[in-house]
1. Would you work out if segment 31-162 is rounded, prolate or oblate? Take a ≥ b ≥ c from the square roots of the eigenvalues of the alpha-carbon gyration tensor; rounded if a/c is under 1.5, else prolate when a/b is larger than b/c, oblate otherwise.
2. Quick one: length gained pulling Glu83 to Glu219 fully straight, 0.36 nm per residue minus the C-alpha distance?
3. By counting other Cβ atoms within 10 Å of each Cβ, how are Ser174, Ser15, Ser2 ranked from fewest to most?
4. Work out the charge dipole of the chain with +1 on the Cβ of Lys and Arg and -1 on the Cβ of Asp and Glu about the Cα centre, then indicate which of Asn130, His23, Gly187 is farthest towards its positive end.
5. Once you charge only the Cβ atoms, +1 for Lys and Arg and -1 for Asp and Glu, what is the size of the charge dipole of segment 107-204 about its Cα centre, to the nearest 20 debye?
6. Consider the candidate values (i) 25.6, 81; (ii) 19.1, 73; (iii) 15.9, 45; state which one is Rg and Dmax of the Cα atoms in Å computed from the structure displayed.
7. Below 11 angstrom from the Cβ of Thr194, what's the summed charge of the other residues (Lys, Arg +1; Asp, Glu -1)?
8. Report the relative contact order of segment 1-126, percent, no decimals, based on alpha-carbon pairs under 8 angstrom and at least 6 residues apart.
Amino acid sequence: MSASKFLVTSNGGLSVFAVKCGHLDTNTGFIENANCGEAIVIDPSFGSFAESKKILSPQTKIIAALCTHGHWDHIGDGHIFQELGAKVYSHELDKPLIEHPEVMAAFASIEEELVPCKVNGEITDGSVLNISNWFEAACRWVPGHTMGGVTFYMKTLGCVFTGDTLFRGCIGRSDFHGGNEDLLIEGIKNKILTLPEETIVIPGHGAHTTIAREKAENEFFS
């Protein structure tokens, strides 16, 4: 399998890959630094560890796992990466879902075993996450799908991981526990659609899109 199939964008030795994982086809992202042999995983869904072996160079070490939110289909393999040395990051309001994922079993049909992760770093709205002197992402808190939903914008790579807040032509569900459609729409307008129009949007599910396309064609905002 060629890693180029999953390549979204690259710049300065950094490559952004996105691959669909698990039976809900969750988009898991990998940002690999070819110069130092390190990588970041975003939304480590079930099956993402196996996919990482097909996409990343054999010597690459995943040093951090970033969670856009704590729903089970986005964190399934997080414990595997953590056991191998990766630090896990999330917003504090979704920390309970990641550290105690069994709470989701009450409202979701989950076939796989949910193994908890320890959240090593809490993300705050407007913070800039710097990891290992090469990875930088602007973090924006966008509640409404979950209470602790966040997005990760990488300016130098021209892309943003939006999790289940913004999809191509749609927005995330707000009928789960902690959901709020008004907050979701407000957050997308003020914190995502204000990014440069050429920014590539990598959602939690479905096809990639751009800020320009969503401003022009998404029925919630056009």
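1. Here segment 31-162 falls in the oblate category.
2. Gain on stretching Glu83 to Glu219: 44.7 nm.
3. Taking fewest neighbouring Cβ atoms as first place, the list is Ser2, Ser174, Ser15.
4. Of the listed residues, the answer is Asn130.
5. 280 debye
6. It is the one labelled (iii).
7. Value of the local net charge: +3.
8. 18 percent
Here, each number is a calculation from the coordinates, and none is a lab measurement. Just so it is clear, the model here is predicted, and its values are computed rather than measured. FYI the Cβ positions are ideal-geometry reconstructions off the backbone, even for glycines, and counts take in every protein chain you see.
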